[in-house]
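What follows is a single structure, written as structure tokens, with notes after it.
Please treat every number below as a calculation from the coordinates, not as lab data. All of these numbers come straight from a predicted model, not from anything done at the bench. Here Cβ is always computed from backbone atoms with ideal geometry, including for glycine, and neighbour counts include all displayed protein chains.
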Amino acid sequence: MAYTIAQKIIKEHLISGDMTVGSEIALRIDQTLTQDATGTMAYLQFEAMEIPRVRTELSVAYIDHNTLQAGFENADDHRYIQTVAKRHGIRFSRPGNGICHQVHLERFARPGGTLIGSDSHTPTAGGIGMLAFGAGGLDVAVAMGGGAYYISMPRMIRVELKGALRPYVAAKDVILEVLRRIGVKGGVGAIVEYGGEGVATLSVPERATITNMGAELGATTSIFPSDATTEAFLRAEGRAEVYKPLSADEDAVYDEYIEIDLSTLSPLAACPHSPDNVKPVGELAGMKIDQVCIGSCTNSSLRDMLTVAAMLKGKTVHPDVSLSISPGSKQVLNMLAECGALADIIAAGARVLECACGPCIGMGFSPKSGGISLRTFNRNFLARSGTKDAQVYLVSPEVAAASAIAGVLVDPTTISEPVRITMPEAFRISDNMIDMPASPEESESVTVEKGPNIKSIPKGAAPAEDLSAELILKVGDNITTDHIMPAGAKILPYRSNVPKLSEFCFTVCDPDFPERARAKGGGVILGGSNYGQGSSREHAALVPQYLGIRAVIAKSFARIHVANLINFGIVPMTLVNEADYDSLNEGDEIYVEGFKEAIRSGDKAYLVDKTNGTRAELALSFTERQRKILLAGGTLNYTKEQDN
Ligand code: MIC
Ligand code: SF4
């Protein structure tokens, strides 16, 4: 039997299930990571499991999202995570050490292993040949406790890379090209595997840019082979011993093939407000811009930063443009400083920010009203930048740097000679900002500090026999978790305070939603297709649950979000006939007879719209395990029931 790279890793980590596409498989997880914005919940949940020490090969807690400390809240969260990590055997990457995915790639990821992280861009580690998944915090907590991670066995997409990129065309353009071709739903239910002769022309951080943004395809994950380039990267990181070659068998079979000739690509931009709204930069060239942000887990490696520094050298940022640069890690920033490239960045007038997510999650640097912002990031969803009417374009660092100088969008392939950068043989290695956990003997004496910002997790309730509720909100296609539970500097500090967070739920779509939901005691949400795409934040399930949302009916769901809904006891149901969506209206009273019984054993349920008489067939496609979780009112209740 011939296997793809992902199938080989799955086979080695399979605990139960069979590898037929679509059936549920349970995987053994080697490593976990959390970031602070999702980490507080993950650790509260881990604590609730009462397991003294993590049972993984390695677990790391990063602080990178909520780093603006405009009040005590974020600092409280940091301290909680630091102490809980120390007590339970988890390494702690201190604020300032960098963005979780960049640091994990540098210091911990390894070919052939499995990783889950409470962040949707965890597949960044696929650039090094690791099978890495974004997951809800609760799933990460379970994996830290040694439990399996459940997914449905994905189909395999092969992206065959030929040729080599032309100067000033970047890895970012490769993934934007994939997004242009298959869109934000094109990867749903699939693992995207890269192969072909073009792979050897891409460095590990470039591969990681591509696997990182595979999240925007809706893919389960993305992965590259592990080869001589991987080995060289690991050697430069002083970690050659974890190298292991990995490639797909010659005759491995994929469900879908995509071919990209790298040499024919040109710089691309994802236009507002979706990562798959891709156009050639050449077509948009000359557009006046207000802001440029370079960084994020997609494009903040040393290679990216050295390229940007070389392009900025001796120039000045255009007077109408504000340029921010956030290097991905302390390692990157340190090396930029040592080789003098940082001086070129500073001299050009860039505003150098700390090594963190920063503007990517709206943690500062929101554009001006109606501002046009070029960002090297991975998401340009409506309002994510913190300015609702801003227009965000996603581009490569090369396009960003050239445009920051010109004040208008520039296709860098049309400017003079390309810059040349030299990558060092070895990176500057220091893990002095990664705290080691207490030894098992000392851990009991570590006090976990919970400041007043940290509130307990609301409990889920078992479903009623029949569902009788109002369709309290109707939304369209491709609703993101940034719509459901917005982030940004004003809201993120409340990630460990669900009651407060609930004041912002769905306000991007409907400012009155939280108040209405509270007044009516909840209801049911109606969504279009790909409901819940984007971030892994379980708050997009936890907060609606707190507001009394019992079910979401949609044309289709995004993978991580549907798992989060089930984890928190909200029943996700799909419309068998998508046309029924049009007959169901916000404010309608709906009734589902035998709701609980359908969850227990049925594939179908029937909805009656009591307001206009419409009947709609609903699909309940759950595994046995998911049915039990939903009947218990969520995973926390279910785990407790099992323990008793
Ligand atoms: C994001 O990029 O949307 C985030 C912020 O990193 C999220 C996690 C979160 O909401 O905390 C993600 O990608 O999962
Ligand atoms: Fe951070 Fe942005 Fe990456 Fe999310 S996408 S992990 S906010 S840098």
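For the reader, a short list of remarks on this structure follows.
- Residue exposure sequence - L636, L176 - by fewest surrounding Cβ within 10 Å: L636, L176
- Label-to-label distance, T264 versus D431, with points set 7 angstrom from Cα along the beta-carbon direction: 4.5 nm.
- Checking the Cα-Cα distances for K474/K500; K555/K640; K520/K596; K244/K330 against a 29 Å cut-off, the pairs over it are K555/K640.
- Table column - 3J(HN,Hα) (Hz), the stretch 513-528, Karplus curve with 6.51, -1.76, 1.60, x for Gly and Pro: 4, x, 5, 5, 4, 5, 4, 8, x, x, x, 10, 9, 10, x, x
- Nearest-0.05 FRET efficiency for M423 and K313, computed from C-beta distance (R0 22 Å): 0.85
- Size descriptor for the stretch 220-281, Kirkwood hydrodynamic radius: 15.4 Å (Cα pairs only, one decimal).
- Placed amide H near D261: partners under 5 Å, 5+ positions off or other chain: K162
- Anisotropy class of the stretch 412-457 from Cα gyration tensor, a/c 1.5 cut: oblate
- Stokes-Einstein, applied to the Kirkwood radius of the stretch 530-644 over Cα pairs at a viscosity of 1.002 mPa s and 20 °C, places its translational diffusion at 146 µm² s⁻¹.
- Point-to-point label distance, K490-V21, nm (Cα→Cβ direction, 7 Å offset): 4.5 nm
- In sequence order, calculated HN-Hα J values of the stretch 450-467 (Karplus, 6.51, -1.76, 1.60; Hz; x Gly/Pro): 10, x, x, 6, 9, 10, 6, 7, x, 8, x, 10, 5, x, 6, 4, 10, 9
- Net charge contributed by nearby residues that have their C-beta within less than 14 Å of V408 (K/R +1, D/E -1): -3
- C-alpha center-to-center spacing [the stretch 393-414, the stretch 526-590] in angstrom: 38 Å
- Largest-first ellipsoid semi-axes for the stretch 199-326, taking √(5λ) over the Cα gyration tensor eigenvalues, angstrom: 31, 22, 13
- Convex hull of alpha carbon positions in the stretch 430-502: directionally averaged projected area 10.6 nm².
- In whole percents, the pair-distance distribution calculated for the chain from its alpha-carbon pairs, binned every 20 Å from zero, is 20, 56, 23, 1.
- Relative packing of peptides 99-107, 512-520, 56-64 - highest average C-beta neighbours within 10 Å first: 99-107, 56-64, 512-520
- 5 angstrom amide H check on R351, placed H, neighbours 5+ away: L323, S324, I325
- Considering only F108, G147, V84, and ranking their Cα positions along the charge dipole of the stretch 1-160 that arises from unit charges at the beta-carbon of Lys, Arg, Asp and Glu, the one farthest toward the positive end is F108.
- In sequence order, the stretch 412-429 has phi-based couplings of x, 5, 9, 8, 3, 3, x, 6, 10, 10, 10, 8, x, 5, 9, 8, 7, 9 Hz under the Karplus curve 6.51 cos²θ - 1.76 cosθ + 1.60, θ = phi - 60°, and Gly or Pro positions carry x.
- Radius of gyration and maximum dimension Dmax of the stretch 286-355, Cα, Å: 11.5, 36
- Three-way shape call for the stretch 525-573 based on the alpha-carbon gyration tensor, with the a/c threshold at 1.5: oblate
- With a simple spin-label model that places each label point 7 Å from the Cα along the Cα-to-Cβ direction, the separation between K596 and R55 comes to 3.2 nm.
- Between T201 and R351, the C-beta separation translates, for a Förster distance of 41 Å, into a calculated FRET efficiency of about 0.80.
- Under a 5 Å amide H cut-off, with hydrogens placed 1.01 Å from N, I151 pairs with I25, L27 among residues at least 5 apart or on other chains.
- By the count of other C-beta atoms within 10 Å, a proxy for reagent exposure, R495, R79 are ordered fewest to most as R79, R495.
- Separation of alpha-carbon centers, the stretch 597-619 and the stretch 214-240, rounded to whole Å: 45 Å
- Shape call, the stretch 394-517: gyration tensor on alpha carbons, a/c limit 1.5: oblate
- As a calculated quantity, the FRET efficiency between A461 and R28 at R0 = 25 Å, using C-beta atoms, amounts to about 0.20.
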